[in-house]
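The structure appears right after this line, and notes come after that.
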Amino acid sequence: MEYKVSEKIQKKFDTLTKDAKVQKALQFMEDDQNEIIDRQIELTLIPAPTNHEQKKAARLLEMFKEEGLTDCHIDEYGNCVGIRKGTGGGKKVLVEGHMDTVFPLDTKLEIVREDGFIKCPGIVDDTRGCATVLSTIRALNAAGIETKGDIQFVGTVQEEGTGALKGMQYYVNHHPELDASISVDGPGFQEITYEATGIQTYEINFHGIGGHACGAFAKVANPIHAAGRAIAKISEIQVPKEPMTTFAVTTMQAGSFEAVHAIVPVAQIRFNFRSNSQEELEKLRKKIFDAIDEACKEETERWGMDTITYDVKHICDVNAGHQDAHAPIVEGAMAAAEYLGCEEPKLGNGGSTNCNRALEAGLPAVCLGMGADYDIHAHMLSEQFKVEGAYKGCQQTLLLALLCAGMDDVESIIEK
């Protein structure tokens with residue numbers, strides 16, 4: 001179905017883009033591309049795996065101060081914060097990119113320029129988001145633009161993996177004054193994420209007595225066998241295609257080579273499941289834990305000697321979330337994508353981004369940066385960033401931030 005921006009939002013967007021200062025800011029972003037990429041590279045070369053973002057945060061904080069932001073600080077959770085004050089009467093807007101990457105501290109970080117690409121682990125996800133935040137600040141300053149509402153620029157922590165978007169969760173929960181949230185996660189401008197995929201991740205430890213592989217045979221139940229039964233049962237669970245729902249047992253650990261002739265006392269599995277529907281997520285959770293209960297019971301009854309028990313560690317929990325595809329912030333993002341030359345902007349089908357936590361907090365929110373017309377090799381050592389036209393992602397962020405915060409001639413599109 002063709003997406004059409006409402007007349008109300010389109011009119012505000014057209015007024016915004018006719019403003020001479022806005023045009024100056026857009027042109028500045030194009031002209032400033034090499035400077036921003038230099039900052040992107042500098043930040044990329046600072047290792048920042050989840051829970052180890054401190055050095056990157058310290059440098060980003062210096063950059064915020066250099067650009068004249070006020071109240072620059074690292075908050076209690078580790079997020080890097082700077083404020084650009086408005087003139088008053090507008091909406092308070094968050095513009096953020098996450099600082100952490102998926103690469104360990106000892107990963108070799110080397111910049112390679114090749115065929116129009118810059119290659120390095122973390123060059124895109126999400127150092128480009130942090131660079132876009134900086135680009136937006138610089139363009140506003142260069143063009144002398146005053147917004148009505150304050151814009152809070154933030155580099156967030158703990159977005160990836162077991163970080164579970166907790167930096168963003170902390171920030172939005174501690175800033176109830178916010179009226180809207182814009183996350184940037186990637187270099188694109190063609191796809192807008194406006195919904196949240198629910199995520200749950202668990203660790204299960206199966207416990208038994210253990211013993212010699214031969215001597216204890218038929219005398220004890222086997223935790224590895226219980227784990228195997230559970231995995232087999234989980235693998236047979238049926239889930240709907242719509243709403244998108246997935247599951248996977250992702251790790252299994254037990255024993256050691258040295259104890260290869262032993263029945264282990266503990267076996268461990270981890271699993272992750274997701275859905276764009278919170279209802280389906282909870283249904284799936286019940287099915288998975290029913291499978292684990294059955295597996296333990298069956299392994300126990302198979303031998304009739306001891307009882308297999310299990311404990312649960314809850315690693316990650318992110319609620320599924322929804323907002324209308326024609327919410328003003330979504331329409332504003334789509335209008336910006338069209339304006340910048342995307343013939344068919346796309347709405348993302350759910351997603352695992354910091355937008356999840358903003359929606360969870362009740363904020364109108366989108367995540368930009370998706371839909372680049374090339375494979376960025378995200379989370380791979382071959383991660384790559386395309387230089388040509390990269391400024392357009394920055395321009396989209398600027399335009400949406402202005403639509404949300406409001407200007408003298410353009411009232412905010414946020415109705416909250």
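State, in angstrom, two size descriptors of region 154-281 derived from its alpha carbons: Rg to one decimal place and Dmax to the nearest whole number.
Considering region 154-281 through its Cα atoms, Rg and Dmax are 21.0, 66 Å.
How large, in percent, is the carbon and sulfur part of the accessible surface of the chain at a probe radius of 1.4 Å? Walk me through the intermediate numbers first.
On the way: 9120 of 18060 Å².
The value for the chain is 50 percent carbon and sulfur by accessible area.
How are the Cα pair distances of region 309-363 distributed, in percent, across 5 Å bins from 0?
4, 14, 20, 20, 14, 9, 6, 4, 3, 3, 2, 1
State which entries of Lys12/Lys392; Lys11/Lys85; Lys219/Lys297; Lys8/Lys346; Lys283/Lys313; Lys55/Lys166 exceed 23 angstrom in Cα-Cα distance in the structure shown. Numbers along the way, then the final one.
Details: Lys12/Lys392 20 Å; Lys11/Lys85 26 Å; Lys219/Lys297 16 Å; Lys8/Lys346 20 Å; Lys283/Lys313 19 Å; Lys55/Lys166 19 Å.
Beyond 23 Å between Cα atoms: Lys11/Lys85.
Taking H as built 1.01 Å from N, whose amide H comes closer than 5 Å to the amide H of Gly198, not counting residues under 5 places away?
Ser275, Asn276, Ser277, Ala320, Gly321
With every protein chain left in place, what is the accessible area of His225 in Å² (1.4 Å probe, nearest 10)?
Here the residue's solvent-accessible area equals roughly 90 Å².
Of the candidates Leu134, Leu105, Leu400, which one comes out as most mobile in a Gaussian network treatment of the chain with C-alpha springs shorter than 10 Å?
Fluctuation is largest for Leu105.
Relative to the Cα centre, what is the charge dipole magnitude of region 32-85, using +1 at the beta carbon of each Lys and Arg, -1 at the beta carbon of each Asp and Glu, and rounding to the nearest 20 debye? Show your work: numbers first, answer last.
Working: 7 positive and 11 negative charges, 19 e Å.
Dipole of region 32-85, to the nearest 20 debye: 80 debye.
Once phi is turned into ³J(HN,Hα) by the Karplus curve 6.51 cos²θ - 1.76 cosθ + 1.60 with θ = phi - 60°, what whole-Hz value does each residue of region 56-68 show in order, with x for glycine and proline?
Result, rounded to whole Hz: 5, 4, 4, 6, 5, 4, 4, 5, 4, 5, 4, 8, x.
Please list, in chain and number order, the residues 5+ apart from Ile263 or on another chain whose amide H is under 5 Å from its amide H, with Hs placed from the backbone.
Amide H to amide H, under 5 Å and 5 or more residues apart or across chains, Ile263 pairs with Gly211, His212, Ala213.
Scaled to the compact-protein estimate 2.2 N^0.38 Å, what is the alpha-carbon radius of gyration of region 270-334, rounded to two decimal places? Before the final figure, lay out each step's value.
Numbers: Rg = 19.3 Å, N = 65, 2.2 N^0.38 = 10.7 Å.
Cα-based Rg divided by the globular estimate yields 1.79.
Which of the aspartates and glutamates could a cross-linker span from Lys241 if the Cα-Cα distance has to be under 17 Å and same-chain partners fewer than 8 positions apart are dropped?
Glu195, Glu279, Glu280, Glu282
Could you give me the ³J(HN,Hα) list for region 291-303, computed from phi with Karplus coefficients 6.51, -1.76, 1.60 and θ = phi - 60°, whole Hz, x at Gly and Pro?
Once θ is set to phi - 60°, the couplings for region 291-303 become 4, 5, 4, 4, 4, 5, 5, 5, 5, 5, 5, 4, 10 Hz.
What do you get for the angle between helix 127-143 and the principal long axis of the chain? Use alpha-carbon atoms, 0 to 90 degrees, nearest ten.
Once rounded, the angle reads 20 degrees.
I'd like the accessible area for Ile209: 1.4 Å probe, protein heavy atoms, all chains in place, Å² to the nearest 10.
So the heavy atoms of Ile209 present about 110 Å² to solvent.
Write down the Å³ per residue value for the convex hull defined by the alpha carbon atoms of region 31-77. Show your work: numbers first, answer last.
Working: hull volume 3.6 nm³, N = 47.
In region 31-77, the Cα convex hull volume per residue is 77 Å³.
Given a 1.4 angstrom probe, what's the average accessible area per residue across the chain, in square angstrom?
Values: 18060 Å² over 416 residues.
Accessible area per residue, the chain: 43 Å².
Going by a 4.7 Å Cβ-Cβ cut-off, which cysteines of the chain have no partner at all?
Cys72, Cys80, Cys120, Cys130, Cys214, Cys296, Cys316, Cys342, Cys394, Cys404
Between 0 and 90 degrees, rounded to the nearest ten: what's the tilt of helix 33-44 against the longest Cα principal axis of the chain?
Tilt of helix 33-44: around 30 degrees.
Across the chain, what fraction of all alpha-carbon pairs, as a whole percent, falls in each successive 20 Å bin from zero upward?
Spelled out per bin, shortest first, that is 26, 49, 20, 5, 0.
Would you please name the GluC sites (Glu not before Pro) within region 338-416 that are DSSP coil residues with at most 11 other C-beta atoms within 10 Å of their C-beta?
Values: sites: Glu338, Glu343, Glu360, Glu383, Glu388, Glu411, Glu415; in loops: Glu343, Glu383, Glu388, Glu411, Glu415.
Answer by residue number: Glu343, Glu388, Glu415.
Between the helical axis of 7-18 and the dominant principal axis of the chain, each derived from Cα atoms, what acute angle in degrees is found, rounded to the nearest 10?
For helix 7-18, the angle is close to 60 degrees.
Which whole-Hz ³J(HN,Hα) couplings does region 345-358 yield from phi under the Karplus relation 6.51 cos²θ - 1.76 cosθ + 1.60, θ = phi - 60°, glycine and proline marked x?
With the stated coefficients, region 345-358 comes to x, 10, 8, x, 8, x, x, 10, 9, 4, 4, 3, 6, 5 Hz.
Just report the Cα centroid separation between region 267-292 and region 108-174, whole Å.
Measuring centre to centre over Cα atoms gives 32 Å.
Charges at C-beta only: +1 for Lys and Arg, -1 for Asp and Glu. How large is the resulting dipole of region 183-250 about its Cα centre, in Debye rounded to 20?
Values: 4 positive and 6 negative charges, 121 e Å.
Around 580 debye, computed over region 183-250.
Taking every eigenvalue of the Cα gyration tensor of region 307-416, multiplying by 5 and rooting it, what semi-axes result, largest first, whole Å?
Working: eigenvalues 198, 101, 26 Å².
The equivalent ellipsoid of region 307-416 has semi-axes of 31, 22, 11 Å.
In Å and on Cα atoms, what radius of gyration and Dmax does region 133-184 show?
So, for region 133-184, Rg and Dmax equal 13.3, 41 Å respectively.
The values are calculated or read from the model by the stated rules, or taken from the named source; none is laboratory data. The model shown is predicted, which means the values in this text are computed figures rather than measured ones. Virtual Cβ from ideal backbone geometry, glycine too; neighbours counted across all protein chains shown. Quick note on the areas: whole protein, heavy atoms, side chains included, nothing else; ligands and nucleic acids left out. Shrake-Rupley method; radii C 1.70, N 1.55, O 1.52, S 1.80 Å.
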